[in-house]
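A.B. asks: My structure is below; once you've seen it, I'll send some questions.
Just so it is clear, none of the values below were taken in a lab; they were calculated from the coordinates. Just so it is clear, the structure is predicted and the values come from calculations on it, not from any experiment. FYI the Cβ positions are ideal-geometry reconstructions off the backbone, even for glycines, and counts take in every protein chain you see.
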Amino acid sequence: MKSKDLRTTSDSQAIDLFIQQVQSLPSVRTQLGRLIFALDATASREHTWDQACQLQSELFLATQPLGGLSVQLCYYRGFGEFHASPWLTNTQSLLQQMNAVSCLGGHTQIAKVLKQALLETRKEAVKAVILVVDSCEESLDHLCQLAGELGLLRTPLFVFHEGQDAQAKRAFEQLARLSGGAYAPFDSHSPGTLKALLSAVAVFATGGHKALQDFSRHQGAEIRRLSQQLKGPTS
């Protein structure tokens, strides 16, 4: 089997696993979904940051028929630098925020992302938190405590993990499970996988399983494939 075929198979398996996890989540109902889009902006993430800039419009485009989406961009980089944007309701505002960022070397600050999600959802419900990341350099016990608190507040964490770090994979799977969310690996060389995952979570955050199913009827084959398997509760 050629390497391209292997990568395609791997992407398919990653999406299938993600679907199985999201399938068990409770249905969500909201007119304007609030979603935190958090990215690791340390030096190793530069390529994926550029990719995310190109794909970020999917978050808004996917949810326009449902009443729209409100996104808060969060990122960490350098020496203890963490940023949380205002809540944004259009793709141009989000893109401007992302284009102003350059990646800097530093350690992960996932705890700050989770604390920000807790802070925001205690003000008003946050329907989903997306974390795009490749490694974990923090105390897993502490992160699990924070993820568990998100789970109690019904704010699921969707971890999109780039790379083959087995230790990070185990950590991210635990965080996703404790929050009531899902984990999915992706390959930065296959942007279609990340695009599909971002769209799926955005639609889920705005309208739940039924909204994703309805939306997919007007979209491409990959999104339809996701929706056909996301047959959660519709009531």
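A.B. asks: Find out how many positive minus negative residues lie around Arg34, taking Lys and Arg as positive, Asp and Glu as negative, among other residues whose Cβ is under 11 Å from that of Arg34.
C.D. replies: 0
A.B. asks: How far is it, in nm, from the label point at Lys169 to the one at Ser93 when both lie 7 Å from their Cα along the line to the Cβ?
C.D. replies: 3.9 nm
A.B. asks: Which pairs break 23 Å Cα to Cα here: Lys115/Lys169; Lys112/Lys169; Lys112/Lys195? Before the final figure, lay out the partial values.
C.D. replies: Numbers: Lys115/Lys169 21 Å; Lys112/Lys169 19 Å; Lys112/Lys195 25 Å.
With Cα atoms farther than 23 Å apart: Lys112/Lys195.
A.B. asks: Under the rule a/c < 1.5 gives rounded, and otherwise a/b versus b/c splits prolate from oblate, where does region 99-220 land using the Cα gyration tensor?
C.D. replies: Details: a/c = 1.69, a/b = 1.19, b/c = 1.42.
Since a/c reaches 1.5 but b/c is at least a/b, the shape of region 99-220 is classed as oblate.
A.B. asks: Can you put His161, His83 in order, fewest other beta carbons within 10 Å first? Present the calculation step by step, with values, prior to reporting the outcome.
C.D. replies: Working: His161 23, His83 15.
Least to most surrounded, the residues fall as His83, His161.
A.B. asks: Sort Ser85, Ser199, Ser102 so that the residue with the fewest other Cβ atoms within 10 Å of its own Cβ comes first and the one with the most comes last. Intermediate results must be reported in sequence, preceding the final value.
C.D. replies: Details: Ser85 18, Ser199 25, Ser102 11.
Ranked by crowding around the Cβ, least crowded first: Ser102, Ser85, Ser199.
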